[in-house]
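Accompanying notes for the structure given below.
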Amino acid sequence: MQSIEFSEFLYGGTHVRSQLRRAVVIAAAATTVTTLTGGLLVSTGTQARAAATGPAPTRYTDDFNGDGYHDLAIGAPDGAVNVPGPDGNPTRVLGAGYVTVSYGSKDGAQKTGLKPVTRNSPGVPGDAGQDQRFGRTLANGDFNADGYADLAVTSRSTPRDEVTLLWGSPTGLKGGARMPGSEAGPGFGTVLKAGDFTGDGKTDLVVGYSMSIRLYRGPFKADGSPASVQPVDVGAMFNYTDAQKRLAVGRINKGAIDDLVVLGEERRRGRVLLGGASGLRQTQATVRGGNSAVIADFDKDGHGDIAVGDSAYEMDSERHAGRVQINYGAAGGVDDNRTTKVLTEDSAGVPGGVEAGDSFGNDVAAGDLNRDGYAELIVGAPGERHATCEHCYISGGGLYVLKGSTKGVTGTGAAFYGYNAAGLPRPAGVYRIPQLLKTTDLNGDKQPEIALPVRANTSEVWSVGTKQGKVAGTAPTRVVKAPVDSQVPWPGNEFGVLTR
Ligand SMILES: [Ca+2]
Ligand SMILES: [Ca+2]
Ligand SMILES: [Ca+2]
Ligand SMILES: [Ca+2]
């Protein structure tokens, strides 16, 4: 019983988080880059950029200042924001929310001088208000096609939810526009997924409502309006509340158009939608259900493969033990000739063993950690407990790395990194990792790093290095510790929403 309550305590909250790892797979792939996942990547070098005249091309979908380095957007939807009160003294507005960006550079993640962007920031529409939760869902992409990555941000604005597009610029995120569409239904922006789903080279945005998703086609105008909006028929009625981790963008059939995987709520089977000139279309392909998904090419056959984390899976009566299931991509969505690969902590080669509450698969990410062209699968198990750990029922958790190969993901050579492993974050206090996993390459060395929000005595986001296929090959970096500055005095419970 204890472990069940524990699991609910850990995972019952509003995990409106999420992610992209496309850029990583791409950045790690080599010099000639075939983008498997994610739109608008241009594989030009920094030198080429420096010589260019006029607006620089965006290299990455998360390069907000266009300097050729990936950047890390961080949401703090519960954060308090100080606003000037009637007497001139600051008044604390609880739950107004904010976002901030750690800009990448050759030295990695920016660690000091991060600036909060709130709805009171210059050029950002609306005003910061109580419980608006600005930053609850994020997506990055060059929505207005000016060469700088932009950030889509969901907030609540009674009685409607809103999505704000914050524009990238040479100095980073600056001003923005409110997207039209909130009148179409409640829960506008419960999911935001960016990609080029139509193949015209312009970044589109999939927007979730409570019970439907729509495709907002780019480019977006200065007033935030899209080129057009169309409904997306997933082929099933799903609830998209807190669904950001259940949708994944990548390239499943070959080509330069992004595709979408959508998992149903409560572990209902997922659907595979293929992009095309007329938008996202249903396929016959379905995948096993779960709570997290990622698309990456684990067997290097040019098709993105779909990994689904299912942390609630009960195995041998061990509740919330969890599993990950992989379907291999093919022209029609999923290769029906290859059976679904199931991996648990009991699989051959995988360290540890199945226990109640492990929550294996609570999040999944991918990146080519050993740079052999096969993506590795990174699996979060925040409930994993070590025999050797201190206070192991309180602090703990860790990540697994499962290697890609010609056979796809297997347990061969799998490694586990517990929360107390050298090179993983060591914040003060009690904590579990990972709440969320995101691969990126903030220092531009083409070797992925893993961004991890950690909630200990303080709310923090860390960047963990990888080296030669291993996690934590280098000292970890604390990217940011809340509060970011005096304008945003209290981080709230959900500091560290990431794009994905
Ligand atoms: Ca940048
Ligand atoms: Ca832009
Ligand atoms: Ca593949
Ligand atoms: Ca690899």
*With +1 on each Lys and Arg Cβ and -1 on each Asp and Glu Cβ, how big is the dipole of region 344-500 about its Cα centre, in debye rounded to the nearest 20?*
260 debye
*If we count every other residue with Cβ under 12 angstrom of Glu384's Cβ, Lys/Arg +1 and Asp/Glu -1, where does the sum land?*
-1
*Backbone HN-Hα couplings from phi across region 369-381 [Karplus 6.51/-1.76/1.60, Hz, Gly and Pro as x]*: 6, 9, 6, 9, x, 9, 5, 8, 9, 10, 10, x, 9
*Net charge near Asp358, counting Lys/Arg +1 and Asp/Glu -1 over other residues with Cβ under 9 Å of its Cβ?*
-3
*Where trypsin sites (Lys or Arg not before Pro) fall in DSSP loop in region 411-460, at most 16 other Cβ within 10 Å*: Lys446
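Using the C-alpha gyration tensor of region 209-317, what are the square roots of 5 times its eigenvalues, in whole angstrom, with the largest one first? If you can, show how the numbers build up before the last one.
Working: eigenvalues 128, 67, 28 Å².
After diagonalising the Cα gyration tensor, the semi-axes are 25, 18, 12 Å.
Take the alpha carbon atoms of the chain, find their radius of gyration, then divide it by 2.2 N^0.38 Å using N residues; give the quotient.
Numbers: Rg = 20.7 Å, N = 500, 2.2 N^0.38 = 23.3 Å.
The value comes to 0.89.
If each residue's Cβ is checked for other Cβ atoms within 10 Å, how do Ile213, Ile257 rank with the fewest at the top?
Working: Ile213 23, Ile257 20.
Starting with the residue having the fewest Cβ neighbours, the order is Ile257, Ile213.
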*Mean separation of Cα pairs under 8 Å and 6+ residues apart, divided by the residue count of the chain: what relative contact order is that in percent?*
16 percent
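What's the local net charge at Arg269, with K and R +1, D and E -1, over the other residues with C-beta under 15 Å away?
Numbers: positive: Arg246, Arg267, Arg268, Arg271, Arg288, Arg323; negative: Glu265, Glu266, Asp310, Asp336.
Here the count lands on +2.
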*Whats the longest run of the chain with zero GluC sites (Glu not before Pro) that are DSSP loop and have at most 14 other Cβ atoms within 10 Å?*
1-313
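Once a ≥ b ≥ c are taken as the square roots of the eigenvalues of the Cα gyration tensor of region 89-157, is the result rounded (a/c under 1.5), prolate (a/b larger than b/c) or oblate (a/b not larger than b/c)? It would help to have the intermediate numbers written out before the result.
Values: a/c = 2.21, a/b = 1.40, b/c = 1.58.
Judged from the Cα gyration tensor, region 89-157 comes out oblate (a/c at least 1.5, b/c at or above a/b).
By counting other Cβ atoms within 10 Å of each Cβ, how are Met237, Met211, Met315, Met179 ranked from fewest to most?
Details: Met237 10, Met211 14, Met315 18, Met179 27.
By the 10 Å Cβ count, ascending: Met237, Met211, Met315, Met179.
Taken together, the values in this text are just the output of simple stated rules run on the coordinates, not laboratory data. Note that the structure is predicted; figures quoted are calculated from it, not measured. Cβ: placed from backbone, ideal geometry, glycine included. Neighbour counts: every protein chain shown.
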